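The values are calculated or read from the model by the stated rules, or taken from the named source; none is laboratory data. Just so it is clear, the structure is predicted and the values come from calculations on it, not from any experiment. Quick reminder, even Gly has a Cβ in these numbers, built from the backbone with ideal geometry, and neighbours come from all protein chains shown. Side chains included, ligands, DNA and RNA excluded: accessible areas come from the protein's heavy atoms. Shrake-Rupley method; radii C 1.70, N 1.55, O 1.52, S 1.80 Å.
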Amino acid sequence: MPPSLRRGKDAIVSILTKYIHPSEHIRAAYPNPGNGQRLDGCCVLRREVKKIRRSEQLALVVTHESFPGVELYCVERYAKVTTEAPPDYFFDNVVVQAVDEEGDGPGAGQGGPQQHIPELMPSVCRRNFR
């Protein structure tokens with residue numbers, strides 16, 4: 001099986017139109033969307049937790065040339081990557097920050113810097129890894 005394309009900043013994705021928010025922009029452009037209709041050529045800006053359908057979900061924030069000046073977003077699972085992002089901008093990279101024991105800065109405490117990996121929200125992890 002070929003490796004899947006990874007999400008990241010500046011990746012190009014295709015999204016099912018019925019799952020794009022805010023929906024009033026999509027409804028104005030596509031009053032009668034077909035079954036399985038997708039919006040192709042969306043450029044990913046960032047990934048963030050958004051409240052969608054009364055629950056916190058991990059969403060991709062995108063732009064599209066048909067909607068200038070509007071940031072659209074969708075739940076990550078409904079976006080299909082068509083062009084992979086540059087490797088430096090992948091979302092699956094874990095950022096490791098050096099934190100000392102006292103929290104005053106790197107290397108300020110005794111024992112030198114420690115590695116700190118930021119925690120993910122439990123609801124986000126549970127929802128996206130079923």
Applying the selection to the range 22-49, what residues are open to solvent by less than 50 Å² (accessible area, probe 1.4 Å), under 12 Å from C74 (Cα atoms) and part of a strand (DSSP E or B)?
L39, C42, V44
Taking the range 1-11 and the residues there that are open to solvent by 50 Å² or more (accessible area, probe 1.4 Å) and under 16 Å from P86 (Cα atoms), the one that is farthest from the chain's Cα centre (by Cα) would be P3
Are any of the residues in the range 92-112 of a type in the set (D, E, K, R), open to solvent by 80 Å² or more (accessible area, probe 1.4 Å), at pLDDT 80 or above and more than 15 Å from Y19 (Cβ to Cβ)?
no
Looking at the range 52-75, which of its residues are open to solvent by less than 20 Å² (accessible area, probe 1.4 Å) and among the acidic types (D, E)?
none
